[in-house]
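Here the structure is laid out as structure tokens; the discussion comes afterwards.
What follows is calculated from the coordinates using simple rules that are stated; it is not laboratory data. The structure presented is a predicted model; accordingly, all values stated were derived computationally and were not measured. Here the Cβ is made from the backbone with ideal geometry for all residues, glycine too, and neighbour counts use every protein chain on show.
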Amino acid sequence: MTRILQLCAIFLCSLAFLEMISASSFAAGNVGSAAANKVGIQVFEGKIAPSQLIAYQLTGLKKGDKLKAHLHSTSGNLDPIVALLDIPFNYQKFKRALREQTEKNVAAGQDPRDTLTTLAKGLFLAWNADPSSSYDADFETVAPHDGSFLILVAGALVLTNSGTNTEATFGDFRLVLGLNTPMALNQDTPASGGVFAMVDPDVGTTESRVQYLSGELNATRPQAAFVLNTIEAGSTLTVLIEGDAGKAPPDVQLLDFGKRTLRRATVSGQGMVLSYTFAQSAQEHRLRLTANPDSYGSYKVTLGIDAPDILTGKPTERGGPVARPPIPVTVSFKLDQIFNIVQKEEKFSVAATLRLQWQDSGYAFSPASCNCNFKTFNEADFRHFVDERHLRWPEFIIYNIQGSRSSQRSTVSIESDGTAYYMERFSADLQAPAMNFRQFPFDTQDFYIHIDSIFPSERYRFSVNQQKTGIGNQVGAEEWKVLGYDTPVTLTSDLRSRFTFHVAMKREIIYYLFKIFLPLIIIMIVSWMTFLLDDYNKRADITGGHLLLFIAFSFTLSNDLPRLGYLTFIDVILANAFLVGGLVVALNLWMKKMESSGHLKHHVLIDRLMLILYPVAYFVPWLVALLAYQVI
């Protein structure tokens, strides 16, 4: 019995000892795990500009730590890239290598989008640009060693519309980073746990920027303006303006968004210099250049952000543009018909199709947001779209329109990169104050359609797509024949871009030959033949009746034309007909009177002379008029 009790005691002691060892081992294991496996989820939001890189530094990682990243686009057309790199990372060297490798790929006929894949093989520890299921970017990897790492965020390259070049996608993003967390990450995952990542201030910071601009100011255009891109608080804008050789440079002012003057340039040995440090982030600021007769001519402007070297040398352009260039708007205009030409009111009607094409980064969207590459709006919905985003579009007016235009349909299509296409089919009544009737009815008339930008030319500048611009096969009315057209783009007196569609049309003369000139010639021939009659009463009656016909012709033609302050070619012809016809009537009445009184002499000689002089009295003035009015 005693032996059994001893064995039980030994057994119980052994169990207690094993339990104590197990507990100690478990505690030690927990301590080691806590030291090696830091847990947390962090969320970062930001904005990627074209060709920009943003980095986040991960500190205190241990070998074997599990790292997850999920990058989601929230605006723009951003197709995001996320990558894990070792520290140190040479930001400038990477951008240079990216540019050089892209140029090599293009020269070799390869897809320039493969550049990043080529560089990633020897640089990135892990990366992902495009999961098969979405446009988001994510990866999951393990830290290869103790220390610090970088998470790099960028926009993927995409082919442009031409298919020959590339451009970087851009927009807002939401980055979710997870360390040693078992849960899957997505764009809605909230932050939790400890801090293990922070923005790296040495990557993606604002670079020093230099930009060169040039132009010409004259009496027609004495002012120019440049809208500045967003300038961060604390940045210094430096501007150097140089005038034409031997001339003073134009005056320069820095204006805020409300056109209040913040700073005015001062004279220096190099030209005009302006320097201003922004206490707050600046948007929609602009530089205004004003010239006078002493400073008319060409000019050159050097703009710099945190670039004082522009005053001491001639640095090459670098960084992003300081001033926002005008958005080019390509105009296509198809004139389908000109009808209802009302000469008396100097107006005409057209049916036409207008197309505008431009690109605005504010319109950009991610194809993943709608599983589409373009969106289509009617004009009302598009106006709501741009108002909602606080954006603009190249609104226009038809300068010489009478009343309102009748729009059959207008649509706007937007591609994911922000390229917009506006199309409108419309009809309208237009003024034609340039009509000149001096050569009527042998005249050529110019018809203009002026399309003016509502916004100044520093925001939108028109150009012409000649391939999609033209006229229909039956543009002219029956009375007119189209000679040709041209499409100049100019500036209005208030410096707004103007597209003009000019059509030159010549009047078809067949109608007037058979309705006016042929009857007129027949009447003259009949009047001429009266000199073969001996009855002077009949002569006077016939030529008097013809005079009334000339008056009828005059009234008929005057109903087609406005009340002009000058004589037309047909006015001279009819005036000549009135004068000669009146003289012939007077001559016949005088000869009748002489015959009745018995004093008529040499009547045979007079009639023979009139048979010669009568046609000369018509056709010599006609020939002079044809030459004077440059009809021939």
- [ ] Count the net charge of all other residues whose Cβ sits under 15 Å from the Cβ of Ala265, scoring Lys and Arg as +1 and Asp and Glu as -1.
- [x] +3
Task: aspartates and glutamates with Cα under 15 Å of Lys68, excluding same-chain neighbours fewer than 8 positions away - done: Asp136, Asp138, Glu140, Asp188
Task: FRET efficiency for Gln337 and Phe555, using Cβ-Cβ distance with R0 set to 22 Å, rounded to 0.05 - done: 0.10
Task: Between helix 536-558 and the chain: long-axis angle, C-alpha atoms, 0 to 90°, nearest 10 - done: 10 degrees
- [ ] Arrange the peptides 374-387, 172-185 so that the one whose residues have, on average, the most other Cβ atoms within 10 Å appears first.
- [x] 172-185, 374-387
Open item on the list: Net charge around Phe149, counting only other residues with Cβ within less than 12 Å of its Cβ (Lys, Arg = +1; Asp, Glu = -1)?
Closed with: -2
Open item on the list: Once each part is reduced to its C-alpha centroid, what is the distance from the stretch 65-81 to the stretch 504-562 in angstrom?
Closed with: 87 Å
TODO: Mind sorting out which of (i) 0.97; (ii) 1.66; (iii) 1.07 is the real Cα Rg over 2.2 N^0.38 Å computed from the coordinates?
DONE: (ii)
- [ ] Distance between Cα centroids, the stretch 375-427 to the stretch 577-632: provide it in whole Å.
- [x] 67 Å
Open item on the list: How far apart, in nanometres, would the label points at Ser407 and Gln187 be if each is projected 7 angstrom from Cα along the Cα-to-Cβ direction?
Closed with: 3.1 nm
Open item on the list: Students often get this wrong, so check it: of Lys347/Lys481; Lys63/Lys104; Lys95/Lys375; Lys38/Lys93; Lys375/Lys468; Lys66/Lys104, which have C-alpha atoms separated by over 26 Å?
Closed with: Lys63/Lys104; Lys95/Lys375; Lys38/Lys93; Lys66/Lys104
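Cβ neighbours within 10 Å, averaged per peptide: list 609-622, 500-513, 71-84 in order, most packed at the top.
Values: 609-622: 14.7, 500-513: 16.6, 71-84: 23.9.
My ranking of the peptides, most packed first, is 71-84, 500-513, 609-622.
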TODO: Please give, to one decimal in nm, the separation of the simple spin-label points placed at Ser214 and Lys601, each 7 Å out from Cα toward the Cβ.
DONE: 8.9 nm
Open item on the list: Using Cα-Cα distances under 8 Å and only pairs 6 or more residues apart, what relative contact order does the chain have, in percent?
Closed with: 11 percent
Task: Folded to 0 to 90 degrees: helix 379-388 orientation relative to the chain principal axis, Cα - done: 40 degrees
Open item on the list: How tilted is helix 91-107 with respect to the longest principal axis of the chain? Cα atoms for both, answer in degrees (0 to 90, nearest 10).
Closed with: 50 degrees
Task: Reachable aspartates and glutamates, given that their alpha-carbon falls under 17 Å from the alpha-carbon of Lys259 and they are not under 8 places away in the same chain - done: Asp251, Glu284, Glu458, Asp494
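Taking the Cβ of Asn559 as the center, what net charge do the other residues with Cβ under 13 Å away carry, scoring Lys and Arg +1 and Asp and Glu -1?
Working: positive: Lys344, Arg563; negative: Glu345, Asp560.
Counting the neighbours of Asn559, the net charge comes to 0.
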Task: Relative contact order of the stretch 510-628, defined on C-alpha pairs under 8 angstrom at six or more residues apart (%) - done: 35 percent
